Amino acid sequence: MKHVVVGTAGHIDHGKTSLVKALTGTDTDRLPEEKARGITIDLGFAFLEEPDGLTIEIVDVPGHERFVKNMLAGVGGIDLAMLVIAADEGVMPQTREHLAICSLLRIKTGLVALTKSDLVDADWLELVREDITGLTRATFLAGGPIVPVSAKTGQGVDELRAALRALASAAPPRAADQLPRLPIDRVFTVKGFGTVVTGTLAAGALAVDDRVEVFPRGLTAKIRGLQAHGRPVERATAGQRTAINLQGLERAAVERGDVVGLAGALVTSTLVDGTVELVPDAARPLKSRDRVRFHTGTSEIMARVLLLEGAEVAPGGSGLARFRLEAPLVAPPGDRFVIRSYSPIVTIGGGTLLDVDPRVRLKAPARLAHLRLLARGGPGEVVEEHVRHVGGAGMRLGALAARAPFAPARVRQLVEELVGAGRLLAIDRDWFLHAESFARLRAQAVAALERFHRAHPLRPGMSREELRSRASGADERVFAHLLARLVEEGTVALDRDKVRLVAHAIRLSDEQQRLVDRLEQDYLKADASPPSPEEALGRAGLAGGEDHELFQLLVDSKKLVRVKESLFFHSTALDSIQERLVAMLRERREIGPGDIKDLLGISRKYAIPLLEYFDSRRVTQRVGERRILRPG
Ligand SMILES: Nc1nc2c(ncn2[C@@H]2O[C@H](COP(=O)(O)OP(=O)(O)OP(=O)(O)O)[C@@H](O)[C@H]2O)c(=O)[nH]1
Ligand SMILES: [Mg+2]
C-alpha cells in the first residue's frame, strides 16, 4: 500500500477543481460560498485508487490570490504538484507564485496540466507550451510532462491520469518510522463522536488507542477512531489523508495549523534558526527586523527575521536566519517553510529549519558554526552537534529525536556509534553528554579542587555538594558520573562527603606541627574532662574555636571526637572511657549518672553527654534514668 499526495496549483479559474472532478468524480468545492461564487476558497480533497495498491490523494487548492494562505496549508504535505494552466490564458501571476511556493517547499516532482485545451487551436497550444517550458526551465518541473487536457470534453484525461500514476509510482515512499506528525487542516464535530481533525499524515504512523497530543496547545487525547477515505482503519501511515476522532477534546480548543503527534514527542518553540532564501523576483531585499508570515505544515505565524550573516539577503540570495515567532511553532528540523511579506501579502522566500529549539544566548560566531554544521554535516555530525550544543546538561534521547531530522531508531543508532567512538558519554540508557562538555566539567572540578586546596592547605578536602555547585552546577547524576570517573582514574579521592585531589597532602610547618601536638597533648592529658576548643587553643597561644584549621586537622584525622556540640574528647581517652564503662556495667548490670561521675571522677557536665554519646553509639541503652549494656 502506497500513498502519494498530489496537490493542484495554479491561477484562479484555470480549471483545477474541474480537472480533479474529471479525474476522480469528486467535486471538491463543498462550501456554499464556493458553489455560489464558482471559486475555490478552501482546500478540497479527493482520491484515486489504483489497482496495484497505489492511492493517489489529491488536495485541491484555491487559486485566488487572497487565499494563498489556504493554498500553502494544502501543499505543505504533498509529494507531487499538478500545476494547472488554462490554455486560453496561459501563465498568470498565481501560476508563478504557486510554482515558486512548490519550489520553495522542495517538492520534487510534478507535471503541468494544460487544461481548457478545447478553447484553443493547435498553434496557440504550441505557443503556450513554449511559454510553460520557459517558466519551468530552472524548476523541479523542467523536462516534466505537459499534458493538454479538457475537463469539458474529457480529452486528455486518461493521459493525465496515466502521467500522474507514473510519477506517483516513481515517488519515493515516505518513511513510516519517523515520529508521527499530522498538521491539522480541518476540525469539525461529528454527532455522537465528538471532535474530528483531518490532515495528511506527514510522517510516521498513528493507530487507534494511541495517546496523542495536539501541539502547541498541550492538549492530550486518545485516538478513538481513524478514517481514511471515509472508511475506518486501525492504523494510518505517512502520506495518507487521515481523519482522527479524538476522545475528550473540545472542538473549540483546536485549529488548523495545530499538529497531532505522540504525547510529549514534538518540540514547540517561538524561536527557530534555519536557512533562508529569497525568490529572484522578490521586490526588495530581506532585512533584519522585517515582519513576515511564516508558513510550515498547515500553519501561518507572524515572525520577525534576524539575519545572521550580514545585513540583508538580496532577491535570489540566501543566508542563515533566526525567526522570532509571535505564536509557538511545531515543525520538525529539516522541514521547509515559506515566508510571505507582511504587506503586500506576496511570497518572498523560504528556507529549511535547522534548529527548532536554539539556545537564546550564544555568541554570533558560535551560533553560525553550529548552524553551518547542522546544514552541512553528515547524520552523525548533526546528532553529535545537538548534544555538544546543550553542554553540561546533556540530552535525553527523546529530546534529541525531536530536534534531529532522523527517525528515532536512527538517532539511537547514531548515538550508540558516537558513544562507541568516545564522542558521547552515556549517563544512562537514554541520557547523553558530549565528551567535550564532560572534559569541561572535569577541568572545572579539578580547578575548583586546586583552588580549594590552595586556599585551605590544612583541610583534607572540599565538601561534595560545594564542589558540585562550584564546579558546574551539574545535575546530580552527571556529577556522580564525573566523580566516579575522577576516582577511577586516580585523580581524586573521596572520603565520606569530602573530595580531594589525590596529589593533595597536608604539609605543616614546624611551628604548626608543634601547635597541633600541643593541642592534642592537652586533650590526651585532660582525659575525661576535656577543655573547650577555645580553652585549648588559648592555652596554645591561639585565638578561635573549633573552626580553627589546626583544631579541625585533629578532628579530620579523627584524633578528636565530637561527643556533643563543642565538646570533644581525644579518641584514646574515649576508648578507655568506653572500656571502663563496659567493665562497670558487666559488673553492676545497670548504672545511673552518678556512677559514671564517680567512675571517671568527672562532673555532670561531662557525664550526661558521655552517656548520651554511648547510647547513640549503641554501647549502652537507656532504661528510665539508668543505663544497661545494650544487648547483642
Ligand atoms: N471550456 C472549458 N472550461 C473549463 C474547463 N475546465 C474548467 N472550465 C471552466 O472554468 C471555470 C473555472 O473552473 P474551476 O475548475 O472552478 O477553476 P479553479 O482553477 O478550480 O478555480 P479556483 O479554485 O477558484 O482557483 C468554470 O466555469 C469551469 O466550468 C475546460 O477544460 N474547458
Ligand atoms: Mg477550484
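The values are calculated or read from the model by the stated rules, or taken from the named source; none is laboratory data. All of these numbers come straight from a predicted model, not from anything done at the bench. Note that each Cβ is placed from the backbone with ideal geometry, even for glycine, and that neighbours are counted across all protein chains shown. What goes into the accessible areas is simple: the full protein's heavy atoms, side chains included, and nothing from ligands, DNA or RNA. Shrake-Rupley method; radii C 1.70, N 1.55, O 1.52, S 1.80 Å.
Which condition from (1) in contact (Cβ under 8 Å) with a residue 12 or more places away in the chain; (2) not in a helix (DSSP H, G or I) is the one that D547 breaks?
(1)
What is the number of the single condition among (1) surrounded by fewer than 24 Cβ atoms within 10 Å (Cβ to Cβ); (2) within 12 Å of ligand 2 (Cβ to nearest atom); (3) not acidic (D, E) that L48 does not meet?
Only one criterion is unmet by L48, namely (2).
How many residues, within segment 598-632, are in a helix (DSSP H, G or I), surrounded by fewer than 18 Cβ atoms within 10 Å (Cβ to Cβ) and not polar (S, T, N, Q)?
8
Just to check your reading of the model, which residue among A503, A536, A493, A480 is under 34 Å from the mean Cα position of the chain (by Cα) and either modelled with pLDDT under 90 or not in a loop (DSSP other than H, G, I, E, B) (or both)?
Checking each option against the conditions leaves just A480.
Which condition number does L266 fail, the rest of (1) modelled with pLDDT of 95 or more; (2) open to solvent by less than 40 Å² (accessible area, probe 1.4 Å); (3) not in a strand (DSSP E or B) being met?
Here L266 meets the rest and fails (1).
List pairs: first residue in segment 57-72 and over 18 Å from A22 (Cβ atoms), second residue among the small types (G, A, S) and near ligand 2 (Cβ under 10 Å from one of its atoms) anywhere in the structure, Cβ distance under 8 angstrom, at least six positions apart or on different chains.
Matching pairs, first to second residue: M71/G63.
Pull up segment 427-454, narrow it to residues that are surrounded by fewer than 17 Cβ atoms within 10 Å (Cβ to Cβ) and not in a helix (DSSP H, G or I), then point me to the one that is nearest to the chain's Cα centre (by Cα).
It comes out as D430.
Does any residue of segment 131-153 turn out to be loosely packed, with under 14 Cβ neighbours inside 10 Å and touching a helix residue (DSSP H, G or I) at 6+ places or on another chain (Cβ under 7 Å)?
There is at least one residue in segment 131-153 that is loosely packed, with under 14 Cβ neighbours inside 10 Å and touching a helix residue (DSSP H, G or I) at 6+ places or on another chain (Cβ under 7 Å).
Hey, among the residues in segment 4-14 that are open to solvent by 10 Å² or more (accessible area, probe 1.4 Å) and in contact with a helix residue (DSSP H, G or I) (Cβ under 9 Å, 6 or more places away or on another chain), which one's farthest from ligand 1 (Cβ to nearest atom)? Spell out how you get there, then give the answer.
Here is the first cut: in segment 4-14, the ones open to solvent by 10 Å² or more (accessible area, probe 1.4 Å) are 11-13.
Checking the rest, the ones that are also in contact with a helix residue (DSSP H, G or I) (Cβ under 9 Å, 6 or more places away or on another chain) come to 11-12.
Details: H11: 7, I12: 4 Å.
Among those residues, the one meeting the criterion is H11.
Restricting attention to segment 59-76, and to residues there that are small (G, A, S) and within 14 Å of ligand 2 (Cβ to nearest atom), which single residue is surrounded by the fewest Cβ atoms within 10 Å (Cβ to Cβ)?
Once the filter is applied, the top-ranked residue is G74.
Could you tell me whether any residue of segment 118-127 is buried (at least 17 other Cβ atoms within 10 Å of the Cβ), farther than 22 Å from G154 by Cα, of a type in the set (A, V, I, L, M) and touching a helix residue (DSSP H, G or I) at 6+ places or on another chain (Cβ under 9 Å)?
No - not one qualifying residue is present in segment 118-127.
Output the number of residues of segment 404-426 satisfying the condition of being assigned to a strand (DSSP E or B) and touching a residue at least 40 places away in the same chain (Cβ under 8 Å).
Within segment 404-426, residues that are assigned to a strand (DSSP E or B) and touching a residue at least 40 places away in the same chain (Cβ under 8 Å) number 2.
Among the residues of segment 408-426, is there at least one that is open to solvent by less than 20 Å² (accessible area, probe 1.4 Å) and under 30 Å from G317 (Cβ atoms)?
no
Being over 15 Å from R322 (Cβ atoms) and either modelled with pLDDT under 95 or loosely packed, with under 15 Cβ neighbours inside 10 Å (or both) narrows it down to one residue among L368, L397; which is it?
L397
Tally up the residues in segment 18-28 that are near ligand 2 (Cβ under 10 Å from one of its atoms) and open to solvent by less than 20 Å² (accessible area, probe 1.4 Å), please.
3
State the number of residues belonging to segment 154-188 that are in a loop (DSSP other than H, G, I, E, B), crowded, with 20+ Cβ neighbours inside 10 Å and either without any contact (Cβ under 8 Å) to a residue 24 or more places away in the chain or over 39 Å from the mean Cα position of the chain (by Cα) (or both).
Residues in segment 154-188 being in a loop (DSSP other than H, G, I, E, B), crowded, with 20+ Cβ neighbours inside 10 Å and either without any contact (Cβ under 8 Å) to a residue 24 or more places away in the chain or over 39 Å from the mean Cα position of the chain (by Cα) (or both): 1 in total.
Test of understanding: among P530, P457, which residue is in a loop (DSSP other than H, G, I, E, B) and surrounded by 18 or more Cβ atoms within 10 Å (Cβ to Cβ)?
Being in a loop (DSSP other than H, G, I, E, B) and surrounded by 18 or more Cβ atoms within 10 Å (Cβ to Cβ) holds for just one of P530, P457, which is P530.
Of the residues that make up segment 299-314, is at least one within 30 Å of I223 (Cα to Cα) and open to solvent by 30 Å² or more (accessible area, probe 1.4 Å)?
Yes: segment 299-314 contains one or more residues that are within 30 Å of I223 (Cα to Cα) and open to solvent by 30 Å² or more (accessible area, probe 1.4 Å).
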